[in-house]
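Just so it is clear, none of the values below were taken in a lab; they were calculated from the coordinates. Model, not experiment: these values are computed from the prediction. When we count neighbours, we look across all protein chains shown, and the Cβ atoms used for this are built from the backbone with ideal geometry, even at glycine.
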Amino acid sequence: MHALLTTASGYSALVINIMALIVIVFGAVEAFVGGLRVMFSGSQGNAMLSGIYVRFGRWLVAGLTFQLAADVIETATTSTADGWYDIGRLAAVAVIRTFLSFFLERDMRAMSEATAEPAAKV
């Protein structure tokens, strides 16, 4: 039973890590293409770049969340001598995701306030 659980969790973690990779790569490609559009269009660069930045941050948060889930599965089912290394890696991903989420939410709030101000003045 333990072997079955270990095998299933290993495959689950692999699939979830692949999903995280796909999400992050898709977000990076989208941000790259959007950045190129802004560089070559020349109009409203700052506003568009801010939107691209926030959207890319959302993709990163989603990808890190999937990676955190995979790391939780791996850490819960792995009993190796490198247990502290696994826990440290898990903690690092959790901290990065938390800070990224915090700053992303702050930037989104600032962007929504900035776009709401001109509408209120009209």
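On the basis of being farther than 24 Å from residue 92 by Cβ and either in a helix (DSSP H, G or I) or within 18 Å of the chain's Cα centre (by Cα) (or both), does residue 18 make the cut? Give the derivation first.
Numbers: farther than 24 Å from residue 92 by Cβ: no; either in a helix (DSSP H, G or I) or within 18 Å of the chain's Cα centre (by Cα) (or both): yes.
So residue 18 does not fit the description; no.
I want to confirm something. Restricting to region 21-41 and keeping residues that are surrounded by fewer than 17 Cβ atoms within 10 Å (Cβ to Cβ) and small (Gly, Ala, Ser), which single residue is farthest from the chain's Cα centre (by Cα)? Can you show your working first?
Going residue by residue through region 21-41, those that are surrounded by fewer than 17 Cβ atoms within 10 Å (Cβ to Cβ) are 21-22, 25-26, 28-30, 32-33, 35-37, 39-41.
Cutting the leftovers down to small (Gly, Ala, Ser) gives us 28, 35, 41.
Values: 28: 10, 35: 18, 41: 28 Å.
Here the residue is 41.
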Within region 53-102, residues being under 28 Å from residue 36 (Cβ atoms) and of a type in the set (A, V, I, L, M) number 7
Tally, over region 1-15, of residues that are of a type in the set (Gly, Ala, Ser) and either surrounded by 13 or more Cβ atoms within 10 Å (Cβ to Cβ) or closer than 18 Å to residue 90 by Cβ (or both): 4
Does region 1-34 hold any residues that are in contact with a helix residue (DSSP H, G or I) (Cβ under 6 Å, 6 or more places away or on another chain) and within 15 Å of residue 57 (Cα to Cα), and which are they? 20, 23, 24, 27, 31, 34
When you look at residue 29, is it without any contact (Cβ under 8 Å) to a residue 24 or more places away in the chain, under 17 Å from residue 97 (Cα atoms) and part of a helix (DSSP H, G or I), yes or no? no
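Any residue that is without any contact (Cβ under 8 Å) to a residue 12 or more places away in the chain and in a helix (DSSP H, G or I) - is there at least one of those in region 53-72?
So the first thing to find is which residues in region 53-72 are without any contact (Cβ under 8 Å) to a residue 12 or more places away in the chain, and the list is none.
Looking through region 53-72, none of the residues is without any contact (Cβ under 8 Å) to a residue 12 or more places away in the chain and in a helix (DSSP H, G or I).
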